[in-house]
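Undergrad: Let me begin by handing over the structure; questions about it come next.
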Amino acid sequence: MSLPEVMAAALLTGHGGLDKLDYRTDVPVPHPGAGEVLIEVAAAALNNTDINTRIGWYSKAVEAATSAGGTAGFSTLTASDAAWSGEAMEFPRIQGADVCGRIAAVGEGVSVERIGERVLVRNMLRTYVGYRPFECWTLGGECDGGFAQFAVAPDRETHTVRSDWSDAELAAIPCAYSTAENMLHRARVGAERVLVTGASGGVGLAAVQLAKRRGATVIAVCSSAKAAQVLAEGAVLTLDRGADLVHALGPNSVDVVIDIVGGSQTADLLDLLRPGGRYAIAGAIGGPLAEIDLRTVYLKDLSLFGCTFQDDEVFDNLVGYIERNEIRPIVSKTYPLSAIAEAQEDFLSKQHTGKLVLLPPSVLRAGTTPDTITTEAAQ
């Protein structure tokens with residue numbers, strides 16, 4: 001069966017509001033180059049980075065929380081540093097860091113036996129930067145991602161997954177769970193007392209589950225309306241968002257803080273840590289600027305970890321957790337890809353626990369095997 005020439009995709013046409021999302025059905029199907037595979041996307045989840053990239057929040061000119069510009073964007077930003085890489089983003093871009101699907105074709109140097117495999121793609125790609133330490137491309141950022149019927153990814157970073165989970169459940173894993181697992185990995189979390197902020201969102205709930213898996217006693221910060229679900233996923237205690245955490249728990253009362261929120265609460269989080277404690281951060285939806293007392297850091301011998309780059313074992317471990325059913329994501333709602341703007345509005349409302357997932361329209365019939373695409377054929 002031959003591949004179609006065009007596909008449906010959601011294009012990001014520039015930094016700004018929801019009007020910068022353009023759903024189209026005439027986008028050329030990409031061709032895999034040497035060492036790449038073409039994936040028919042079955043599902044792709046939403047993440048904070050999709051919003052942050054759209055609105056240009058990564059620009060150092062923006063000082064507000066994500067929510068301040070989530071719908072309409074920001075009037076002031078510097079486009080030259082508005083992406084994860086700190087460089088200007090190229091438009092149009094197909095976003096989507098989470099890709100679950102099946103390999104539909106392969107490029108030169110990739111075994112045709114991979115066609116038909118059910119796969120997940122590591123969202124922090126190292127292939128395109130020569131596997132240099134602390135360098136990566138983000139799927140859907142520096143290259144096109146999963147908000148389309150087809151996506152190209154490096155063969156080396158496209159993982160076969162053997163699981164009876166739904167496509168939507170698998171799509172909930174790559175970005176959120178690798179972010180959470182990376183934070184726990186970098187902070188060397190074990191059977192100790194761990195506090196997780198933003199615990200009802202995609203990354204936060206993943207951190208709760210993954211920390212529990214490591215034997216940790218998890219304290220979660222979330223809205224009271226979502227506390228029951230967060231407790232069900234492994235937290236032993238929840239504290240309401242906005243609560244006085246130091247008063248509630250006491251200073252020097254936790255071993256590790258896993259922070260996705262940032263903002264004004266950061267100083268309190270450092271006060272919570274015991275001497276020798278560890279603080280890991282991989283997001284700042286509550287605001288990118290924080291005032292801390294450096295004496296707290298050095299007098300308590302704290303270790304602070306900024307977490308973006310991921311060691312190879314992080315995603316390898318996640319695939320193992322999936323296949324052994326050691327974790328399970330919560331998918332609150334799915335949407336057709338054409339409803340991406342509605343899905344992002346719902347995401348910004350923070351009314352849902354866990355993940356929201358987009359489902360592109362199906363293209364290929366189950367069991368078909370499109371022709372192999374070689375580098376020469378793609379030229």
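The values are calculated or read from the model by the stated rules, or taken from the named source; none is laboratory data. Since we're looking at a predicted model, the values are computed, not measured. As a convention, Cβ positions derive from the backbone with ideal geometry for all residues, glycine included, and neighbour counts pool all protein chains shown.
Undergrad: Considering each of ARG188, ARG213 in turn, give the residue that is assigned by TED's automatic domain parsing to the domain that holds ARG278, on the phi < 0 side of the Ramachandran plot, out of contact with any strand residue (DSSP E or B) (no Cβ under 6 Å at 6 or more places or on another chain) and not small (Gly, Ala, Ser). Outline the logic, then answer.
TA: Details: ARG188 fails: on the phi < 0 side of the Ramachandran plot.
Criteria check complete, one pass: ARG213.
Undergrad: For region 271-379, give me every one of the helices (runs of 4 or more DSSP H) that falls completely inside it and has 2 or more residues that are within 20 Å of ALA172 (Cβ to Cβ) and at pLDDT below 95.
TA: Helices (runs of 4 or more DSSP H) meeting the threshold: 340-349.
Undergrad: Residues being more than 19 Å from the chain's Cα centre (by Cα), surrounded by 17 or more Cβ atoms within 10 Å (Cβ to Cβ) and of a type in the set (Ser, Thr, Tyr): count how many of those fall in region 66-75.
TA: Going through region 66-75, the residues more than 19 Å from the chain's Cα centre (by Cα) turn out to be 68-69, 71-75.
Filter once more, keeping what is surrounded by 17 or more Cβ atoms within 10 Å (Cβ to Cβ): 69, 73-74.
Now drop any that are not of a type in the set (Ser, Thr, Tyr), which leaves none.
Total satisfying the criteria: 0.
Listed here are the residues, each with its yes/no results for (1) modelled with pLDDT under 95; (2) surrounded by 20 or more Cβ atoms within 10 Å (Cβ to Cβ); (3) of a type in the set (Val, Ile, Thr); (4) within 29 Å of TYR23 (Cβ to Cβ).
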| residue | (1), (2), (3), (4) |
| --- | --- |
| GLY116 | no, no, no, yes |
| PRO133 | yes, no, no, no |
| THR138 | yes, yes, yes, yes |
| THR158 | no, yes, yes, yes |
| ARG162 | no, no, no, no |
| ALA168 | no, yes, no, yes |
| ALA171 | no, yes, no, yes |
| SER178 | no, yes, no, yes |
| GLU181 | no, yes, no, no |
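Undergrad: May I ask you to list the residues in region 186-232 that are over 21 Å from GLU313 (Cβ atoms) and either among the charged types (D, E, K, R) or in a strand (DSSP E or B) (or both)?
TA: Residues satisfying the conditions are ARG193, LEU195, VAL196, THR217, VAL218, ILE219, ALA220, VAL221, CYS222, LYS226.
Undergrad: Would you be able to tell me the number of residues in region 273-294 that are farther than 24 Å from SER349 by Cα, of a type in the set (A, V, I, L, M, F, W, C) and surrounded by 20 or more Cβ atoms within 10 Å (Cβ to Cβ)? If you could, list the steps in order and put the result at the bottom.
TA: Start the filter on region 273-294 by keeping residues that are farther than 24 Å from SER349 by Cα, which leaves 273-280, 291-294.
Now narrow it down to the ones that are of a type in the set (A, V, I, L, M, F, W, C): 273, 280, 292, 294.
With surrounded by 20 or more Cβ atoms within 10 Å (Cβ to Cβ) added as a condition, the list becomes 273, 280.
Residues that pass the stated criteria total 2.
Undergrad: What do you reckon, is VAL106 within 20 Å of the chain's Cα centre (by Cα) and over 19 Å from GLY283 (Cα atoms)? Give the derivation first.
TA: On the way: within 20 Å of the chain's Cα centre (by Cα): no; over 19 Å from GLY283 (Cα atoms): yes.
No, not satisfied.
Undergrad: Another question, then. Tell me yes or no: at least one residue of region 35-43 is touching a residue at least 12 places away in the same chain (Cβ under 8 Å) and either among the aromatic types (Phe, Trp, Tyr) or more than 30 Å from ILE330 (Cα to Cα) (or both).
TA: Of the residues in region 35-43, the ones touching a residue at least 12 places away in the same chain (Cβ under 8 Å) are 35-43.
Restricting the remaining residues to those that are either among the aromatic types (Phe, Trp, Tyr) or more than 30 Å from ILE330 (Cα to Cα) (or both) gives 35-36.
Yes, region 35-43 contains at least one residue that is touching a residue at least 12 places away in the same chain (Cβ under 8 Å) and either among the aromatic types (Phe, Trp, Tyr) or more than 30 Å from ILE330 (Cα to Cα) (or both).
Undergrad: Being outside any helix (DSSP H, G or I), crowded, with 17+ Cβ neighbours inside 10 Å and modelled with pLDDT of 95 or more is the filter here, so list the residues in region 233-259 that pass it. Step through it out loud before you land on a result.
TA: So in region 233-259, the residues outside any helix (DSSP H, G or I) come out as 233-244, 250-259.
Those left that are additionally crowded, with 17+ Cβ neighbours inside 10 Å: 233-235, 238-239, 241, 253-259.
Passing the criteria: GLU233, GLY234, ALA235, THR238, LEU239, SER253, VAL254, ASP255, VAL256, VAL257, ILE258, ASP259.
Undergrad: On to the next question. With ALA44, ALA88, ALA83 as the choices, which residue is in the same structural domain as ILE115 (by TED's automatic domain parsing), of a type in the set (A, V, I, L, M) and under 16 Å from LEU356 (Cβ atoms)?
TA: Working: ALA88 fails: under 16 Å from LEU356 (Cβ atoms); ALA83 fails: under 16 Å from LEU356 (Cβ atoms).
When all the criteria are applied, what remains is ALA44.
Per-residue answers, yes or no, for (1) more than 19 Å from the chain's Cα centre (by Cα); (2) free of Cβ contacts under 8 Å to residues at least 12 places away in the same chain:
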position: ARG126; (1), (2): no, no
position: ARG132; (1), (2): yes, yes
position: THR138; (1), (2): no, no
position: CYS175; (1), (2): no, no
position: ALA191; (1), (2): yes, no
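Undergrad: Tell me, which residue of region 76-103 that is assigned to a strand (DSSP E or B) and among the charged types (D, E, K, R) is farthest from the chain's Cα centre (by Cα)?
TA: ARG102
Undergrad: Quick test for you: out of HIS15, HIS31, pick the one residue that is surrounded by 18 or more Cβ atoms within 10 Å (Cβ to Cβ), part of a loop (DSSP other than H, G, I, E, B), out of contact with any strand residue (DSSP E or B) (no Cβ under 6 Å at 6 or more places or on another chain) and modelled with pLDDT of 95 or more. Give the steps one after another, and end with the answer.
TA: Working: HIS15 fails: modelled with pLDDT of 95 or more.
Just a single option satisfies the conditions, and that option is HIS31.
Undergrad: With the structure loaded, tell me whether PHE315 is in contact with a helix residue (DSSP H, G or I) (Cβ under 6 Å, 6 or more places away or on another chain), surrounded by 14 or more Cβ atoms within 10 Å (Cβ to Cβ) and either in contact (Cβ under 8 Å) with a residue 24 or more places away in the chain or not assigned by TED's automatic domain parsing to the domain that holds LEU356 (or both) or whether it fails that test.
TA: Judged against the criteria, PHE315 is a match.
Undergrad: Let me ask you something else. Residues in region 270-282: is at least one basic (Lys, Arg), outside the structural domain of ASN48 (by TED's automatic domain parsing) and in contact (Cβ under 8 Å) with a residue 60 or more places away in the chain? Working first, answer last.
TA: If we filter region 270-282 for residues that are basic (Lys, Arg), which is where we start, we get 274, 278.
Still in the list and also outside the structural domain of ASN48 (by TED's automatic domain parsing): 274, 278.
Cutting the leftovers down to in contact (Cβ under 8 Å) with a residue 60 or more places away in the chain gives us 278.
Yes, the conditions are met somewhere in region 270-282.
Undergrad: Given the condition small (Gly, Ala, Ser), surrounded by fewer than 21 Cβ atoms within 10 Å (Cβ to Cβ) and out of contact with any strand residue (DSSP E or B) (no Cβ under 9 Å at 6 or more places or on another chain), answer yes or no: does some residue in region 49-58 qualify? Give the derivation first.
TA: So in region 49-58, the residues small (Gly, Ala, Ser) come out as 56.
Then drop every residue that is not surrounded by fewer than 21 Cβ atoms within 10 Å (Cβ to Cβ), which leaves none.
No, the conditions are met nowhere in region 49-58.
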